[in-house]
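First the structure, in the form of structure tokens, and then the observations on it.
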Amino acid sequence: HEAAGITVPIIPGLKPLTTKNQLIGLPRSFFLSIPEALSEAIHQAKDNAAAREVGIEWCLNQSRELMAHGVPCLHYYSMGKSESIRRVASGLF
């Protein structure tokens with residue numbers, strides 16, 4: 001990142017999706033993109049409980065990938081719903 005002139009750490013922020021409605025609400029509120037494969041998996045979930053499981057699994061996989069590439073730390077957005085973050089952390093450490 002220093003080659004691009006960035007001299008401060010870049011810390012990835014992750015938010016496990018926990019409801020189907022977040023597919024619409026999060027991009028609208030935070031101007032972010034959700035990967036097509038994740039969007040499809042959430043759409044196929046039969047209910048919000050199943051969507052939460054998909055979101056947690058995706059977050060775990062992305063966290064592992066980032067850590068494998070040497071990212072020194074990760075930030076998780078709980079937005080007042082810490083159970084999914086606890087499960088991600090339990091799966092990682």
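No lab work stands behind these numbers, since they all come straight from the coordinates. Remember, it's a predicted structure, so these values are computed and weren't measured experimentally. Because the Cβ atoms are built from the backbone with ideal geometry, glycine has one as well, and the counts that use them run over all protein chains shown.
Just to confirm the filter: which GluC sites (Glu not before Pro) across the chain are DSSP coil and have at most 10 other Cβ within 10 angstrom of their Cβ? Numbers along the way, then the final one.
Details: sites: E2, E36, E40, E53, E57, E65, E83; in loops: none.
Those that pass, being in a loop and sparsely packed, number zero.
Loop-only chymotrypsin sites (Phe, Trp or Tyr not before Pro) in segment 13-75, please: DSSP not H, G, I, E or B, and at most 13 other Cβ atoms within 10 Å.
F31
Tabulate in residue order the Karplus-calculated ³J(HN,Hα) for segment 79-92, using 6.51 cos²θ - 1.76 cosθ + 1.60 with θ = phi - 60°, rounded to whole Hz; enter x for Gly and Pro.
Computed from phi, the couplings for segment 79-92 are 6, x, 10, 7, 4, 5, 5, 4, 5, 5, 4, 5, x, 9 Hz.
Return a whole-number percent for the relative contact order of segment 11-92, with Cα pairs under 8 Å and 6 or more residues apart as the contact set.
Details: 84 pairs, mean separation 35.2, N = 82.
Reported relative contact order: 43 percent.
Could you pull out every one of the lysines with an alpha carbon less than 16 Å from that of K46, ignoring same-chain neighbours closer than 8 positions?
Filter leaves K20.
List the aspartates and glutamates whose alpha-carbon lies under 17 Å from that of K81, not counting same-chain residues fewer than 8 positions away?
Partners found: E53, E57.
What is the sum of charges around D47, taking Lys and Arg as +1, Asp and Glu as -1, for the other residues whose C-beta is under 11 Å from the C-beta of D47?
Working: positive: K20, K46, R52; negative: E53.
Charge balance near D47 sits at +2.
Determine the dipole magnitude for segment 11-92: charges of +1 sit on the beta-carbon of Lys and Arg, -1 on that of Asp and Glu, nothing else is charged, the reference point is the Cα centre, and the result goes in debye to the nearest 20.
Computed about the Cα centre, the dipole is about 240 debye.
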